[in-house]
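Presented below is the structure to which this report refers.
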């Protein structure tokens, strides 16, 4: 997990196409400039970055299910709940499930847990659009980095 | 008007925060009610869920953009409701 670069997902554990579900894992870094301000002497991962983590897991789920034909862009966050604090070094288990595939949009439910304990959850909505120029190659490279794509 | 219209009007009222009495079968979702594209996707999601259908928004948008159909075909509520009823009938 590299907070400053918005690389929130370390590894995809499983993409279950039948269940339309993804499981991923990330480890919060021990140090980050983010923690210098949030909060001085009391480092906590901001809720907005936990939301981004759930959004990215959902995004990779949609990319995987759609075989990288379109790009999901976050457009709505509903029912977000942050149940406890997350500090440096924490190993996060992120899951996302596709709840609805609309025409030009998709809805997921995502959550993060630590050692089985719920940390946060939200319902997320994405606009599904053709890839902007050159972005599909970069997204494929990221997907390979985290194990979502395994082909050469 | 039909129960479909009542359901759709209720969804629009709640989702876009528009007084229910302002929403009529003749209302144009964009020109009269001022619904933007993000709000319309919220409404589409609620309609999809309420009726168990999938509004073909991408196809409609393409037809409007290519001049094959006027926007009123899809965004005047009585026309939208007729299309929803057709999608429900096709599902049965």
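The values are calculated or read from the model by the stated rules, or taken from the named source; none is laboratory data. None of these values were measured; they are calculated from a predicted model. Because the Cβ atoms are built from the backbone with ideal geometry, glycine has one as well, and the counts that use them run over all protein chains shown.
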Give A:48, A:77 a once-over and let me know the one that is part of a helix (DSSP H, G or I), surrounded by fewer than 22 Cβ atoms within 10 Å (Cβ to Cβ) and either modelled with pLDDT of 95 or more or within 14 Å of chain B (Cβ to nearest Cβ) (or both). A:48
Of the candidates B:23, B:12, B:84, B:47, the one satisfying the condition of being within 12 Å of chain A (Cβ to nearest Cβ), closer than 23 Å to residue A:76 by Cβ, at pLDDT 95 or above and surrounded by 14 or more Cβ atoms within 10 Å (Cβ to Cβ) is B:47
Just to be sure, is residue A:72 touching a strand residue (DSSP E or B) at 6+ places or on another chain (Cβ under 8 Å) and exposed (fewer than 14 other Cβ atoms within 10 Å of the Cβ)? no
Please work out if residue B:40 is assigned to a helix (DSSP H, G or I) and touching a helix residue (DSSP H, G or I) at 6+ places or on another chain (Cβ under 6 Å). no
Residue among A:28, A:86, A:107, A:12 that alone is under 12 Å from residue A:126 (Cα atoms) and buried (at least 17 other Cβ atoms within 10 Å of the Cβ): A:107
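Tell me yes or no: at least one residue of segment A:98-112 is at positive phi, more than 14 Å from chain B (Cβ to nearest Cβ) and outside any strand (DSSP E or B).
no
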